[in-house]
1. Beyond 17 Å, how much of the Cα-Cα pair distribution for the range 84-133 remains, as a whole percent?
2. More than 11 Å apart: what percent of Cα pairs in the range 233-272 qualify?
3. Would you mind getting me the FRET efficiency between Glu57 and Leu191? Use the beta-carbon distance for r and R0 = 25 Å, nearest 0.05.
4. For the full complex of protein chains and a 1.4 angstrom probe, list Ser47, Ser202 by accessible area with the highest value first.
5. With all protein chains present, calculate the accessible area of Glu207 using a 1.4 Å probe and round the result to the nearest 10 Å².
6. Tell me the carbon and sulfur percent of the accessible area for the range 38-94, rounded to whole percent, probe radius 1.4 Å.
7. Nothing charged except the Cβ atoms of Lys and Arg (+1) and of Asp and Glu (-1): what's the magnitude of the dipole of the range 58-131 about its Cα centre? Round to the nearest 20 debye.
8. Any chance you could get the radius of gyration and Dmax over the Cα atoms of the range 83-166, in Å?
Amino acid sequence: RAGVPARPNTHPRRYRPAPALDWGAAPAPLDSGQARAISVTAAGYTSAHSITFFQSEQDWPGWQRTRRSGRVERLTVEHVMASVAIPVIFPAARLGNEFYGDGSMRLTAPLSPAIHLGANKILVIAVRNEDPNLLAAGELAPYPSFGQIAGYVLDSLFMDSIYTDLERIRRINHSVAQMPTTRSAGPAHDLQPIDARIVVPSADIREIAVRHRRAFPRTVSTLLGLIGARGAAGGQLMSYLLFDKGYCSELMALGEADGRKRVDELVPWLLGE
């Protein structure tokens, strides 16, 4: 494309999904009725906007809000790579004429895409155990290392907006419940309550990452040690950088176990029973 420099075909830090995955089959859940819409979100480095790219079984229009919008587009592997490109750590991905990074950046309302696409129930799968008590009674916390601060910054960037959005939904639901209704037409307004629930891991993912720290390449492990992110203090940063099979398998096993504990609650709720 004129005026846009070509992107190299390879990059030393570029991770690609397994080639066996059929990315051309993304619309299959839509065709079978298993899903009404599929979306991924990425942040444009030039436009400074958060864009949600989506496909839908219905003719859903896009949307425009302050520094975030929704755009109908056929999803490809490049959309996925853009949505997970953690800034500085992983390379940006080009979509159209712009480079994009991790979708959590500038996405101040992460649950909004699901609502724009017609959801009235939202199940949030969290990745952080919310127990803050990591110190023994009377133990003093050491001065934070650079690695610990870096992990904290990433965690704040990627996680805090989810809980803020959940609180916002609860407040709006409360306000909607106080609004008057009409006998014939139901609510006398356009707002509808959103039933949102969250599943939080029963174990601390930072501790799981520390157990698998030996899976890092030697150069990465050395770098983590130099910035003070090798031990327990670096678990937060490591949890964002580790893509080892053993680590991911343990995370999936944890998610399955936590899901089974709440299956009697969540399945009837999701099915509307």
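The values are calculated or read from the model by the stated rules, or taken from the named source; none is laboratory data. Computed from a predicted structure; not experimentally measured. Note that each Cβ is placed from the backbone with ideal geometry, even for glycine, and that neighbours are counted across all protein chains shown. Accessible surface areas use protein heavy atoms only, side chains included; no ligands, DNA or RNA. Shrake-Rupley method; radii C 1.70, N 1.55, O 1.52, S 1.80 Å.
1. Every Cα pair in the range 84-133 considered, those over 17 Å come to 58 percent.
2. 70 percent
3. The pair Glu57/Leu191 has a calculated efficiency of 0.55.
4. Details: Ser47 45, Ser202 70 Å².
Per-residue accessible area, sorted high to low, gives Ser202, Ser47.
5. Counting only protein heavy atoms, Glu207 exposes about 100 Å² to solvent.
6. The value for the range 38-94 is 55 percent carbon and sulfur by accessible area.
7. 220 debye
8. 16.7, 55
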